[in-house]
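Engineer: Here you go, one structure.
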Amino acid sequence: MTATPSKNGVEALLEARDDIIWPHEPRTTCVWERPVLIDNKASRIFYSAMIEQEETERAFIRDEVEIALLCLSSKVYRSWLPEYDFIAKMLSIDQLIIYAPKLVQLAHLMPEDLKQNRRKLVARYLEVMLSLEGEFVERQTRKFIRSSVLLYASGDIIGRADHFIDLLKRSYNQSVEANKYRIVTQIRALQLMTNEETAALFKSENQYLNELKFLQIQCHYYRIRASDLFKVSALKLGDTGYF
């Protein structure tokens, strides 16, 4: 199946609202703050395409980060530029604009041994607290361990790890049936949100528009039709993570 937007009426239900008032200072969000994780071919195509479309802007930001890191020792430069490349794949361009200066600041402040020790702490905590197994869990866990030290303050890491565990529990079943249900309930939840709730959830218009595109792609991938959306009542939306 080709990952292109649906032509069966779903796109009409996923048209962006044009009267939302967005915060003046959007904060950085990432994949770990999604209500669920959906890991399939369509998702990978979507995120790869988004990065490719933003290639010029991303190249400019990376050059600026590299210049800033070159002012530090060669050891710090070699340690932190790969960290930027890793985390950049998890953030949209508007998130990256906010986050890039913070990574440079981390490179100035965080010694390599502290970075590694924090990762070991997160890894050990998840080893003890996370009972799920499988390739999906292992892949997401590796990404979280590395990214958590780059995204969260030390006092927040364990709380974020608990949230990650809950996210994996909600996302563990990656079957077609489970993912179709997640997509349908998320679209219905978005339809029922007020403008204020939508702005609070997505933080920026770009994040909101990316989410609508993502959902359109998933609807095409799973052949979800508009009629499928109206089968979900408001009472069934509590486990989507949006509420």
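The values are calculated or read from the model by the stated rules, or taken from the named source; none is laboratory data. Small disclaimer: the values here were computed from a predicted structure and weren't measured. When we count neighbours, we look across all protein chains shown, and the Cβ atoms used for this are built from the backbone with ideal geometry, even at glycine. Just so you know, the surface numbers come from the protein's heavy atoms only, side chains and all, with ligands and any DNA or RNA stripped out. Shrake-Rupley method; radii C 1.70, N 1.55, O 1.52, S 1.80 Å.
Engineer: Taking helices (runs of 4 or more DSSP H) that do not extend beyond segment 126-243, which have at least 2 residues that are under 26 Å from residue 98 (Cα atoms)?
Structural biologist: 135-151, 157-171, 195-202, 205-222
Engineer: Residues of segment 90-107 being small (Gly, Ala, Ser) and within 13 Å of the chain's Cα centre (by Cα), which ones?
Structural biologist: 92, the sole residue that qualifies.
Engineer: Right, something else. Take segment 1-42 and flag every residue that is at pLDDT below 90, open to solvent by 20 Å² or more (accessible area, probe 1.4 Å) and outside any loop (DSSP other than H, G, I, E, B).
Structural biologist: 11, 12, 13, 31, 33
Engineer: Any chance you could count how many residues in segment 173-197 are under 14 Å from residue 35 (Cβ atoms) and of a type in the set (Ser, Thr, Tyr)?
Structural biologist: Result for segment 173-197: 2.
Engineer: Quick test for you: out of 65, 104, 122, pick the one residue that is of a type outside the set (Phe, Trp, Tyr), open to solvent by less than 40 Å² (accessible area, probe 1.4 Å), touching a Ser or Thr at 6+ places or on another chain (Cβ under 6 Å) and without any contact (Cβ under 8 Å) to a residue 60 or more places away in the chain.
Structural biologist: The match here is 122.
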